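Heads up: the structure comes next, in structure tokens.
The values are calculated or read from the model by the stated rules, or taken from the named source; none is laboratory data. Remember, it's a predicted structure, so these values are computed and weren't measured experimentally. Positions of Cβ are backbone-derived with ideal geometry, glycine not excepted, and every protein chain shown enters the neighbour counts. Ligands, DNA and RNA are stripped out before the accessible areas are found, and what is left, the full protein with its side chains, is counted by its heavy atoms. Shrake-Rupley method; radii C 1.70, N 1.55, O 1.52, S 1.80 Å.
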Amino acid sequence: MAYFKVAPTKILVGNSLITDNKTIKSFLNENTKCALIIEKKLYKKFSKELKAILQYKPTICWFKGECSSEEVERITREIGFLKPSFIISFGGGKLLDTSKIVSEQLGTSLVTIPSSAATCAAFTSISPVYHADGRKFKTIDLKKCPDACLIDYDVLFNQPPRLLSSGIADALAKFYETTAFLSGHPEKHRDPFVATALSISKDIYNNIFQHSIAVINDVSKKNLPPFRHSRESGNPELKKIIHTNI
């Protein structure tokens, strides 16, 4: 029997999710022991919007910038003695990758909230680990994807253009990786899972070439709506690229 770790158990998508009490209450309650892993600068930027989460009094653990063995060990020690049942991780790819490893080591549930669409870290069951100086060390294959992923458009509409561009390049690479793999292993064309991967990577390729230039221009010019509670409004092209990247 094959076991595939495809996606988070729950994916919540919309505007102003981190400010929405009903959304937060779907995985937290007053009896939940939880920890929030976040960078100080992001906490400062979104302190007002985080009130819906902070009302549950999570233990706050500051991320120091690198997904390294040392950082994983430090955070695991810092929140492990509390025995939290939930970890909320809000930030970029390295923070989310670190949180996934910590969650697995502590046996806790994990909610990922990406602050940019620069990587697929919020979604996947792998965590690339680096040395403290930034050199790649190894990639850890985790037991599962995150338990929940919050894709909050209002957070992601406000990301720096360079991070969105990085996510576009990272997503586009999947098409070339898949086609390169098949050129070296033509017999895999008959494998239904490889065929599915190729189909998805073609959709990624088409989405990026159809929408990415206009989207990067919009983000660069701040031609985007502010925080709101209307889940149907917003920039549909940017939403498509966010989903493509993540």
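Taking the criterion of being within 29 Å of S201 (Cβ to Cβ), part of a loop (DSSP other than H, G, I, E, B) and open to solvent by less than 50 Å² (accessible area, probe 1.4 Å), would at least one residue in the stretch 102-112 satisfy it?
The answer is no, given that none of the residues of the stretch 102-112 is within 29 Å of S201 (Cβ to Cβ), part of a loop (DSSP other than H, G, I, E, B) and open to solvent by less than 50 Å² (accessible area, probe 1.4 Å).
Assuming D20 fulfils every condition listed in (1) without any contact (Cβ under 8 Å) to a residue 60 or more places away in the chain; (2) under 21 Å from V155 (Cβ atoms); (3) among the acidic types (D, E) apart from one, which condition is it?
It is condition (1) that D20 fails.
What residue, of F137, F81, is open to solvent by 10 Å² or more (accessible area, probe 1.4 Å), touching a residue at least 60 places away in the same chain (Cβ under 8 Å), farther than 21 Å from P160 by Cα and aromatic (F, W, Y)?
Just a single option satisfies the conditions, and that option is F137.
Identify, by number, the condition in (1) part of a helix (DSSP H, G or I); (2) open to solvent by 50 Å² or more (accessible area, probe 1.4 Å); (3) not β-branched (V, I, T) that L96 doesn't meet.
(2)
Restricting the search to the stretch 1-42, which residues are in a loop (DSSP other than H, G, I, E, B) and among the hydroxyl-bearing types (S, T, Y)?
Y3, T9, S16, S26, T32
Looking at (1) at pLDDT below 95; (2) assigned to a helix (DSSP H, G or I); (3) not aromatic (F, W, Y), which is the only condition I204 fails?
The failed condition is (1).
Could you list, in sequence order, all residues of the stretch 20-40 that are more than 19 Å from E78 (Cβ to Cβ) and open to solvent by 40 Å² or more (accessible area, probe 1.4 Å)?
N21, K22, K25, S26, N29, E30, N31
Kindly provide the set of residues from the stretch 43-73 that are assigned to a helix (DSSP H, G or I), buried (at least 18 other Cβ atoms within 10 Å of the Cβ) and among the aliphatic types (A, V, I, L, M), ordered by number.
Answer for the stretch 43-73, where residues must be assigned to a helix (DSSP H, G or I), buried (at least 18 other Cβ atoms within 10 Å of the Cβ) and among the aliphatic types (A, V, I, L, M): A52, I53, V72.
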